[in-house]
Amino acid sequence: MDAERNGGPAPVLRASGIVKQFGAVRALDGVDIEVRPREVVALIGDNGAGKSTLVNVLTGVFRPDDGQMMFDGRPVSFASPQAARTAGIETVYQDLAIAPHLDPVANIFLGREYRTPGPLGGLGFLDRRRMVRETERQLAQLKVRIPGLGRRMTTLSGGQRQGVAVARAVMWASKVVFMDEPTAALGVAQTGQVLQLVRQVRDTGIPVVFISHNMPHVFEVADRIVVLRLGRVVRELDPRTATIDEAVLAMTGSLASGRVGLGDGAMANAGSGAAEGRGARG
Ligand SMILES: Nc1ncnc2c1ncn2[C@@H]1O[C@H](COP(=O)(O)OP(=O)(O)OP(=O)(O)O)[C@@H](O)[C@H]1O
Ligand SMILES: [Mg+2]
């Protein structure tokens with residue numbers, strides 16, 4: 001991976017040696033990853049590979065057991081997801097962490113509410129109408145239709161909730177966006193819009209870390225593919241030259257078709273030590 005560093009822009013985010021242990025399970029076993037301006041990094045891996053754990057560590061949900069993180073050229077350690085958000089990092093969490101008892105407008109503006117202009121605003125009055133207007137606009141762009149923006153999130157469909165989470169992330173991010181399976185619950189049109197939005201965000205210079213099990217989507221949207229396996233980064237792929245078979249092989253150690261071919265030696269290298277590196281060793 002290091003060979004790829006060819007004098008491009010400095011990384012916005014760089015994590016090295018990240019370790020996260022849950023009891024006997026070593027979910028992250030020394031992960032190095034960087035995210036540079038104006039790129040979509042797809043993070044792929046099988047179920048349980050550690051993708052969500054990595055997102056959670058990088059965005060202040062979990063404290064790592066070991067490792068360093070540099071953000072904007074300085075060492076950081078986010079004490080909470082709120083601290084990461086304040087720093088400009090927005091995240092669509094796989095479990096769609098939202099405030100379930102609030103409505104979509106309140107969720108999108110949580111902690112960033114617009115106040116009414118003038119003295120009433122000073123007294124804490126909120127400009128609900130303006131927030132509704134902007135929410136409507138963002139959701140329309142995503143082709144997400146929500147009948148009644150005053151409804152609690154718990155009464156919305158999974159796809160509608162996902163739309164709200166994506167809208168919130170792209171609306172506020174100023175440095176990095178993480179999206180953990182942002183299209184898992186979405187229909188075809190909405191998925192297309194999210195992929196489009198990922199590219200738009202990237203084109204404004206803000207990098208996107210995109211997690212998906214959908215290889216065609218990954219290859220469509222990514223500038224770089226990082227493969228996580230058993231808590232380690234085992235490969236980096238260039239979507240312009242790599243194939244889906246290669247990606248699947250790197251993720252699982254075998255081809256989807258059951259064919260074992262080119263990659264045996266490669267995987268022996270790539271996965272070296274990974275299998276022993278985790279599991280019931282505690
Ligand atoms: N809060 C937790 N407590 C204990 N173990 C956890 C916790 N979160 C994750 N793990 C374990 O850590 C490992 C990595 O999980 P993680 O959720 O990061 O995988 P993932 O790559 O996101 O998988 P998926 O594709 O299924 O979302 C798994 O073995 C999982 O069981
Ligand atoms: Mg996950």
Pick from segment 211-250 the residues that are over 23 Å from VAL25 (Cα atoms) and in a strand (DSSP E or B): which of them is nearest to ligand 2 (Cβ to nearest atom)? ILE225
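Matching residues to (1) away from ligand 1 (no atom under 16 Å from the Cβ); (2) closer than 15 Å to ILE98 by Cβ; (3) of a type in the set (Phe, Trp, Tyr):
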site: GLU134; (1), (2), (3): yes, no, no
site: ALA185; (1), (2), (3): no, yes, no
site: VAL198; (1), (2), (3): yes, no, no
site: VAL208; (1), (2), (3): yes, no, no
site: HIS213; (1), (2), (3): no, no, no
site: VAL233; (1), (2), (3): no, no, no
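Being surrounded by 20 or more Cβ atoms within 10 Å (Cβ to Cβ), of a type in the set (A, V, I, L, M) and assigned to a loop (DSSP other than H, G, I, E, B) is the requirement here; does LEU186 meet it? Walk me through how you get there before you give the answer.
Numbers: surrounded by 20 or more Cβ atoms within 10 Å (Cβ to Cβ): yes; of a type in the set (A, V, I, L, M): yes; assigned to a loop (DSSP other than H, G, I, E, B): yes.
In short, yes.
Starting from residues that are more than 14 Å from GLY231 (Cα to Cα) and not in a loop (DSSP other than H, G, I, E, B), keep the ones in segment 47-74 and report whichever is farthest from ligand 2 (Cβ to nearest atom). Walk me through how you get there before you give the answer.
Within segment 47-74, the subset more than 14 Å from GLY231 (Cα to Cα) is 58-63, 68-74.
Adding the requirement that they be not in a loop (DSSP other than H, G, I, E, B) leaves 58, 68-71, 74.
Working: LEU58: 13, GLN68: 23, MET69: 20, MET70: 24, PHE71: 22, ARG74: 28 Å.
Checked segment 47-74; the qualifying residue farthest from ligand 2 (Cβ to nearest atom) is ARG74.
Pick from LYS20, LYS51: which is within 23 Å of ARG202 (Cβ to Cβ), touching a residue at least 12 places away in the same chain (Cβ under 8 Å) and within 13 Å of ligand 1 (Cβ to nearest atom)? Even if it seems obvious, please write down each step before you answer.
Values: LYS20 fails: within 23 Å of ARG202 (Cβ to Cβ).
It is LYS51.
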Only unsatisfied item for ALA79, checking (1) of a type in the set (A, V, I, L, M); (2) over 30 Å from GLY30 (Cβ atoms); (3) assigned to a loop (DSSP other than H, G, I, E, B), is (2)
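From the list ILE98, ILE89, which one is closer than 18 Å to ALA167 by Cα, among the hydrophobic types (A, V, I, L, M, F, W, C), modelled with pLDDT of 95 or more and in contact with a Lys or Arg (Cβ under 8 Å, 6 or more places away or on another chain)? Outline the logic, then answer.
Numbers: ILE98 fails: modelled with pLDDT of 95 or more.
Sole residue among the options that is closer than 18 Å to ALA167 by Cα, among the hydrophobic types (A, V, I, L, M, F, W, C), modelled with pLDDT of 95 or more and in contact with a Lys or Arg (Cβ under 8 Å, 6 or more places away or on another chain): ILE89.
The values are calculated or read from the model by the stated rules, or taken from the named source; none is laboratory data. All of these numbers come straight from a predicted model, not from anything done at the bench. Glycine gets a Cβ as well: all are built from the backbone with ideal geometry, and neighbour counts include every protein chain shown.
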